[in-house]
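These notes are about the structure you will find just below.
The values are calculated or read from the model by the stated rules, or taken from the named source; none is laboratory data. Keep in mind that what you see is a predicted model, and the values were worked out from it rather than measured. Cβ placement follows ideal geometry from the backbone for every residue including glycine, while neighbour counts extend to all protein chains displayed. Just the protein is used for accessible areas: all its heavy atoms, side chains included, with ligands, DNA and RNA removed. Shrake-Rupley method; radii C 1.70, N 1.55, O 1.52, S 1.80 Å.
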Amino acid sequence: MSVVSESRVPEAAPQTTDCPSCGSHALKAFYSVDSVPVNSCVLMRTAEEALTYPRGRVDMVFCEDCGFIFNRAFDLQLIEYSERYEETQGFSPTFNRFHEALAKQVIERYGLNSKKVVEIGCGKGEFITMVCELGENEGVGFDPSYVPDRSRAAPSERVRFVTDFYSERYAGEDADFVCCKMTLEHIPRVEAFMRTVRRAAGGRPDTVVFFQVPEIGIILRQRGFWDIYYEHCSYFSPESLADLFQRTGFEVRDVWTGYGDQYLMIEAVPAPAAQAMETAGRADFVATLAAEVDSFAGAVESIIDGWRKKLRGAAMRGERSVLWGSGSKAVSFLTTVGITTEVEIVVDINPHRQGMYMPGTGHRIVRPEALRDYRPDNVIVMNPVYEREIAEQLHGMGLKPRIESL
């Protein structure tokens, strides 16, 4: 059982006054949350550590010139990316099927056979290892949270890993394919970062650059407050992502979504010169996104309150509710709604998370088999993509709770 206590709230960093994507000052605030954990994937070994973990502020703003959305209260100095950072989804069969299919897709689409691959923000190295093994490629992965003991490939084989942030110092790592998955959303100064990537590509016009980020449109339309958390300081729509790439010297070849339209993917190559999106085209998509931002802002508080009442009502009726999935969505959901004793435990299939505690609230993370004895009445799934997988696991344990996905 968890009890929320006072956490350390660092002194707030000065708010950003310009758009990190285009430099505009035309910024519109639309959503804020006080006192959220500054890391949601760092493993907490005790409830006390989880309850007293440092907190920050989310202050979401919308650039009315380019459509970029970001947390202007974000302070990079509060973020920890280390071996304690446990972000992998690789214990899910559903995710692994998607990941392997994506690896095969990029190999076929870009002719990645006996080529050089660089991945920026490689996590535990699953994707770059698959691309290199399946395509007989050579690769270099960059990530400060990479853990050698968790790698599928030894450093002496096709892939080597650098436990560091990718930066200008590694610009000499030429590549035929530059991949960056679920990392750009963690970077505050996105234009500066993309210019670094462009300089690294240099005069190699055939280098394919592939990025994957969360898609902000589905978050706004679904009022998905649980998908807004401190580490994610930068949010993109298809158009704002393409605009950023064009302005930083890339030719955009394709933009598409996948994984239940939750992931936004872009394919680009170095261009001779930067080129901004035409004013008329930008104005149209910014106006559409602005309406979605306004709709989110007008409805999100009632959505949050609805979840609060639902869980409190279930607890008053003596029902047991659990969350399935202990990652960032769960941390945001619990802390934003203000859940304490209404939910006693959180379930996760990742064995490295089991036995740990949720940052901010101190909820204990247990393995799925613990539900055999606990026998929950309600299971709240943190991502609908996994609902079928989870329902099958519950059925296999002889459990028939109500299942509801965010």
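Filtered by the rule that a residue be over 27 Å from the mean Cα position of the chain (by Cα), within 15 Å of SER321 (Cβ to Cβ) and part of a loop (DSSP other than H, G, I, E, B), the stretch 371-399 gives ARG375, PRO376, ASP377, LEU399.
Looking only at the stretch 367-383, filter to residues that are within 15 Å of GLY396 (Cα to Cα) and acidic (Asp, Glu); which one of those is least open to solvent (accessible area, probe 1.4 Å)? Looking at residues that are within 15 Å of GLY396 (Cα to Cα) and acidic (Asp, Glu), I get GLU369.
Checking each residue in the stretch 176-213 for being open to solvent by less than 40 Å² (accessible area, probe 1.4 Å), in a loop (DSSP other than H, G, I, E, B) and over 26 Å from ASP149 (Cα atoms) picks out ILE187, PRO188, GLY202, THR207. Residues of the stretch 91-106 that are of a type in the set (Phe, Trp, Tyr) and either closer than 24 Å to ASP254 by Cβ or at pLDDT 95 or above (or both): PHE95, PHE98. Give the residues of the stretch 271-285 that are open to solvent by less than 40 Å² (accessible area, probe 1.4 Å), out of contact with any strand residue (DSSP E or B) (no Cβ under 6 Å at 6 or more places or on another chain) and more than 13 Å from PHE68 (Cβ to Cβ), sorted by residue number. Across the stretch 271-285, the qualifying residue is only GLY281. Scan the stretch 267-281 and give yes if some residue there is among the polar types (S, T, N, Q) and either part of a helix (DSSP H, G or I) or at positive phi (or both), otherwise no. There is at least one residue in the stretch 267-281 that is among the polar types (S, T, N, Q) and either part of a helix (DSSP H, G or I) or at positive phi (or both).
The set of residues in the stretch 239-267 being in contact with a Leu (Cβ under 6 Å, 6 or more places away or on another chain) and surrounded by fewer than 21 Cβ atoms within 10 Å (Cβ to Cβ) consists of THR257 alone. Among residues of the stretch 113-150 being polar (S, T, N, Q) and touching a Lys or Arg at 6+ places or on another chain (Cβ under 7 Å), the one that is modelled with the highest pLDDT is ASN137. GLU168 passes every criterion in (1) more than 27 Å from ASN71 (Cα to Cα); (2) in contact with a helix residue (DSSP H, G or I) (Cβ under 7 Å, 6 or more places away or on another chain); (3) surrounded by fewer than 19 Cβ atoms within 10 Å (Cβ to Cβ) apart from (1). So is SER114 open to solvent by 40 Å² or more (accessible area, probe 1.4 Å), part of a loop (DSSP other than H, G, I, E, B) and small (Gly, Ala, Ser) or not? Yes, satisfied.
If you filter the stretch 328-370 down to residues that are out of contact with any strand residue (DSSP E or B) (no Cβ under 8 Å at 6 or more places or on another chain) and not in a loop (DSSP other than H, G, I, E, B), you find that the one that is farthest from LYS310 (Cα to Cα) is GLU369.
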